[in-house]
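Encoded as C-alpha cells, the structure appears first; notes follow it.
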Amino acid sequence: MNRYYYDLHIHSCLSPCGDDDNTPNNIAGMASLCGLNIVALTDHNSTANCPAFFEAARRYGIIPVAGMELTTSEDIHIICLFETLEGAMAFGEKVKEYRIPIENRPDIFGSQQILDGQDNIIGEEKNLLINATLISVEEVPSLIAEFGGICYPAHIDRQSNGIISVLGTFPVTPHFNCVEFHDGSKATEYVQKYGLQDKKIIVSSDAHNLTDMRDRQNYFELDDEPYSSDFVRSQLFKHLR
C-alpha cells in the first residue's frame, strides 16, 4: 500500500469557465509540480479533452482519470469518473443526447476548445456546456454504471450547484458512496449535520485556472503491486466503490 495524492476535479479549456491556459499538457505539468499522482479531468458535460489529457499525463508520469462534471436537470453538479477512457468517451456521446442545444457565446461565457495531445486546437464545442442537461439526479448512478463509471455529488459545501444547497438536504436516494468537498475543513461539520458517516470523503480543487490547483494534500492508500498505471487506477475505483 502506498499513498497516492490526488485531485479528481479539474477543468480544461473545454469548459467555458476554464482558462484557455488550462490545456491538457499544462494541467499535467502543473499536477507534476504540485506533487500529484492521480488527476481526473472533469469538464462540464463533455469528455472531449480526455484523450489529449491521457496522452499528456503519460509524459508527466501522472495517472489520468477520464471524467465529467455533469449538470443534472435540477442544476446539481455530479462528478462522473470512468475506469477506462473508452467508457468515458462512450458516456460523453450518450450525454450529448440529453444536452439542451444552446449556442455558446464565447464573448460572454468563454471559448470551448478541443485539443489534441500536443495542445493543438482541433475543434470547438459550439453548444454551451454549462447549462443543465435533461438527466435527473435520480437517473445518474444507473446511467453511469452502464459505462463502468462511478459518480458522486460535487462540492457539497458550496452554495452554487451543490446538492445540499439545491435540495435543502442530502437525499437518501439515489445512494452515493462518496461526496466531494471543496474545503476539506468543513467535512466534519457536514458529516454530522447531514448524516454522511457512511460516505467516503473526497476533497478536490475544482480548478478552472492553473493557479487553482493545490499542492498535494489529500491522498488514498492503494495497493500498487505489480505496478502499472492501469492497475493503480483500477485499485482507485475499487476503493471508491
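The values are calculated or read from the model by the stated rules, or taken from the named source; none is laboratory data. Just so you know, these numbers come straight off a predicted model, no measurement behind them. Note that we place each Cβ from the backbone using ideal geometry, even for glycine, and neighbour counts take in every protein chain shown.
Looking at Val65, is it part of a loop (DSSP other than H, G, I, E, B), within 25 Å of Leu236 (Cβ to Cβ) and either under 17 Å from the mean Cα position of the chain (by Cα) or at pLDDT 95 or above (or both)?
Working: part of a loop (DSSP other than H, G, I, E, B): no; within 25 Å of Leu236 (Cβ to Cβ): yes; either under 17 Å from the mean Cα position of the chain (by Cα) or at pLDDT 95 or above (or both): yes.
When the stated conditions are applied, Val65 does not pass them.
Please enumerate the residues belonging to the stretch 58-73 that are surrounded by 15 or more Cβ atoms within 10 Å (Cβ to Cβ) and of a type outside the set (Gly, Ala, Ser).
Those that are surrounded by 15 or more Cβ atoms within 10 Å (Cβ to Cβ) and of a type outside the set (Gly, Ala, Ser): Tyr60, Ile62, Ile63, Pro64, Val65, Met68, Glu69, Leu70, Thr71, Thr72.
Tally the residues that are part of a helix (DSSP H, G or I) and touching a residue at least 60 places away in the same chain (Cβ under 8 Å), restricting the search to the stretch 203-232.
3
Only residues that are surrounded by fewer than 18 Cβ atoms within 10 Å (Cβ to Cβ) and part of a strand (DSSP E or B): list them for the stretch 1-30, please.
Of everything in the stretch 1-30, those that are surrounded by fewer than 18 Cβ atoms within 10 Å (Cβ to Cβ) and part of a strand (DSSP E or B) turn out to be Asn2, Arg3.
Output the residues belonging to the stretch 29-58 that are in contact with a Lys or Arg (Cβ under 7 Å, 6 or more places away or on another chain) and either free of Cβ contacts under 8 Å to residues at least 60 places away in the same chain or more than 18 Å from Gln113 (Cα to Cα) (or both).
Cys34, Gly35, Leu36
Just to be sure, is Gly117 part of a loop (DSSP other than H, G, I, E, B), in contact with a helix residue (DSSP H, G or I) (Cβ under 9 Å, 6 or more places away or on another chain) and not aliphatic (A, V, I, L, M)?
So Gly117 passes the test.
Hey, can you tell me all the residues within the stretch 68-114 that are more than 15 Å from Pro16 (Cα to Cα), assigned to a loop (DSSP other than H, G, I, E, B) and charged (D, E, K, R)?
Of everything in the stretch 68-114, those that are more than 15 Å from Pro16 (Cα to Cα), assigned to a loop (DSSP other than H, G, I, E, B) and charged (D, E, K, R) turn out to be Glu74, Asp75, Glu83, Glu97.
Yes/no matrix, rows are residues, columns are (1) surrounded by 14 or more Cβ atoms within 10 Å (Cβ to Cβ); (2) among the charged types (D, E, K, R); (3) assigned to a loop (DSSP other than H, G, I, E, B); (4) without any contact (Cβ under 8 Å) to a residue 12 or more places away in the chain:
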site	(1), (2), (3), (4)
Lys186	yes, yes, no, no
Glu189	no, yes, no, yes
Lys193	no, yes, no, yes
Gln197	no, no, yes, yes
Ile201	yes, no, no, no
Ser234	yes, no, no, no
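If Leu143 satisfies all but one of (1) of a type outside the set (Lys, Arg); (2) farther than 28 Å from Gln192 by Cβ; (3) loosely packed, with under 14 Cβ neighbours inside 10 Å, what's the number of the condition it fails?
Condition (3) is where Leu143 drops out.
Quick check: anything in the stretch 31-53 closer than 21 Å to Val166 by Cβ, in a loop (DSSP other than H, G, I, E, B) and not charged (D, E, K, R)?
yes
Tally the residues that are of a type in the set (A, V, I, L, M, F, W, C), farther than 14 Å from Pro51 by Cβ, in contact (Cβ under 8 Å) with a residue 40 or more places away in the chain and out of contact with any His (no Cβ under 7 Å at 6 or more places or on another chain), restricting the search to the stretch 101-134.
Count: 4.
Quick one: count up the residues across the stretch 76-86 that are surrounded by 15 or more Cβ atoms within 10 Å (Cβ to Cβ), out of contact with any strand residue (DSSP E or B) (no Cβ under 6 Å at 6 or more places or on another chain) and not hydroxyl-bearing (Ser, Thr, Tyr).
2
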